[in-house]
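The values are calculated or read from the model by the stated rules, or taken from the named source; none is laboratory data. Predicted, not measured: the structure shown is a model, and the values here were computed from it. Backbone-built Cβ (ideal geometry, glycine too); neighbour counts: all protein chains shown. Side chains are part of the model used for accessible areas, which takes the heavy atoms of the whole protein and leaves out ligands, DNA and RNA. Shrake-Rupley method; radii C 1.70, N 1.55, O 1.52, S 1.80 Å.
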Amino acid sequence: MAVTGSGPLAGVRVVELAGIGPGPFAAMLLADLGADVVRVDRPGGGGLAIDPAYDVTNRNKRSVLVDLKSPEGPGLVLDLAARADVLIEGFRPGVAERLGVGPADCHARNPRLVYGRMTGWGQDGPLAHTAGHDIAYIAVTGALGMIGSPDAPPAVPANLVGDYAGGSLYLVIGVLAALQHARTPGGAGQVVDAAIVDGTAHLTAMIHGMMAAGGWQDRRGANLLDGGCPFYGTYETSDGGYMAVGALEQQFYDTFTELLGIADRAPARKDPARWGELREAVAARFKSRTRAEWTAVFEGSDACVAPVLSLSEAPQHPHLAARGTFTDLGGITQPAPAPRFSATPAALRSGPAQPGAHTASVARDWDVPALNGKGGGA
C-alpha cells in the first residue's frame, strides 16, 4: 500500500540516503508533515548501534536496501531521484559524487530536484573533510561556551543544539524554501548546503546583537539568560528535584517573589551587585519544600516557574497530556508530530521503518521495478 500522508507535504516525495543524526531527523520531520519518505538503507546497516525497531527518527518512512558500491546501486538511487522532489544525504563532501549519486548526476535525471546536503562543517572550508560530532560543531561556534556554570566546564546539551537545532531544522527550512522555488514558474532544483556550524552560529544572532550593544558579557554564567541572573535559572528542592525560574519581567517577578514568600525581604532585582544575595534567598526558600509542593504553589500563576521533569515524567505533565504533545505507537512513547495545522493535520502513520521492509511497495508506487530483488517486504 502506498504511503499517503495527511499533512501539508502530502504528495511530496523524498529520498533519504541513510545516515545518522541530523539527516534522519530532518527526513522524519518531512515524513511527519506528510511526505512520502523512502530511506535508502545499506545492506548490513551502519552508524550507531540502535535497534531499528526503536529508532523513532525513522517513523513514517519506508525503507529499501541498496548497496551503493555495487554496479547497479547508483542507478537505482538515480531512478528514485528521477521521481522525487527532494533528496537528502549526509556524506562527507565528495563522497556522493564518487558514488555516482551527487548533485550533477541527480540533476541530469531530474532538474527540479532539491538536493539537501547535511554535514557538520559544510561542503568547503579547512575542516570540511574531517570527522566531527555535535559537541565539536557547537564548540567552535561559541554556543557550547555559553552553557553551564562559570565555575564548571561547559554543560553538554545532548545533541539538541547542534545536530537538531542547528542542523536538521535548518536543512528542513532550506529544503522547503528550495522546493517552493523549484515549483515556481521558471524555477529549478538546487543544492542546499546545510552545515551544523552555520545553523548553530545563526542561532546565536540575538546574543551577538546584545554583546555588540554591551548587554551581554562574553563569559559563561554572567548574563540574563545563561544562569547568571538569579531569577532565570534552576533551584534544588528539599527532595533533590529542581524548579526552573524565568521571572524576567517585573510583573512576573513580583508574582514569583510573593508566591515564593520572600517579597518583603528580596534584594533589589535591578542591582547586579546584590544578585548573589538574592540567589541565596531564593535557593534557601526552594530547599524548604519538595518539587511537588512548589509545583502546586506556582501552578496556574504568572510567576513563570515550572518543575524540571525527566524524559519519562514529561508525558504525564497535565498540560502536555491535555495537548497530546506525546503519543504512543507500538509501545514506544514519543513526541507527536509538530507543529500543528488546522487544515492539513500531520499524523503518526507508522513506526520505525525496518531496513528493506518496503522494497516491493516502493518499487510499485514509484515505478522503479529494478528495486525488486534488492530487498524484501511489502
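Consider region 288-329 and keep the residues that are under 15 Å from G240 (Cα atoms) and over 25 Å from the mean Cα position of the chain (by Cα). The one that is surrounded by the most Cβ atoms within 10 Å (Cβ to Cβ) is W294. All told, D163 meets the bar of being touching a residue at least 60 places away in the same chain (Cβ under 8 Å), under 30 Å from L225 (Cα atoms), open to solvent by less than 40 Å² (accessible area, probe 1.4 Å) and in contact with a Pro (Cβ under 6 Å, 6 or more places away or on another chain). When G376 is tested against (1) closer than 21 Å to N60 by Cβ; (2) open to solvent by less than 60 Å² (accessible area, probe 1.4 Å); (3) at pLDDT 95 or above, only condition (3) is not met. Filtering region 223-244 to residues that are in a loop (DSSP other than H, G, I, E, B) and surrounded by 16 or more Cβ atoms within 10 Å (Cβ to Cβ) leaves N223, D226, G227, G228, C229, P230, F231, T237, G241. For region 29-45, taking the residues that are in contact (Cβ under 8 Å) with a residue 24 or more places away in the chain and over 17 Å from L179 (Cβ atoms), the one that is most open to solvent (accessible area, probe 1.4 Å) is identified as R42.
For the structure I just gave you, tell me whether A104 is of a type in the set (A, V, I, L, M, F, W, C), out of contact with any Leu (no Cβ under 6 Å at 6 or more places or on another chain) and under 18 Å from R364 (Cα atoms). It is false that A104 is of a type in the set (A, V, I, L, M, F, W, C), out of contact with any Leu (no Cβ under 6 Å at 6 or more places or on another chain) and under 18 Å from R364 (Cα atoms).
Answer yes if at least one residue in region 247-261 is open to solvent by less than 80 Å² (accessible area, probe 1.4 Å), outside any strand (DSSP E or B), within 30 Å of H129 (Cα to Cα) and touching a residue at least 40 places away in the same chain (Cβ under 8 Å), and no otherwise. Checked region 247-261: no residue is open to solvent by less than 80 Å² (accessible area, probe 1.4 Å), outside any strand (DSSP E or B), within 30 Å of H129 (Cα to Cα) and touching a residue at least 40 places away in the same chain (Cβ under 8 Å).
Of the residues making up region 59-68, at least one is under 22 Å from N372 (Cα atoms), within 27 Å of the chain's Cα centre (by Cα) and of a type in the set (S, T, Y).
When D193 is tested against (1) in a strand (DSSP E or B); (2) out of contact with any Asp or Glu (no Cβ under 9 Å at 6 or more places or on another chain); (3) of a type outside the set (S, T, N, Q), only condition (2) is not met. Of the residues making up region 88-101, none is under 30 Å from D218 (Cβ atoms), open to solvent by 70 Å² or more (accessible area, probe 1.4 Å) and not in a strand (DSSP E or B).
Entry remark, region 111-129: residues being farther than 17 Å from P22 by Cα, in contact (Cβ under 8 Å) with a residue 12 or more places away in the chain and surrounded by fewer than 19 Cβ atoms within 10 Å (Cβ to Cβ) number 4 in total. The residue list A205, A195 contains one member that is at pLDDT 95 or above, buried (at least 17 other Cβ atoms within 10 Å of the Cβ) and within 29 Å of T119 (Cβ to Cβ), which is A195.
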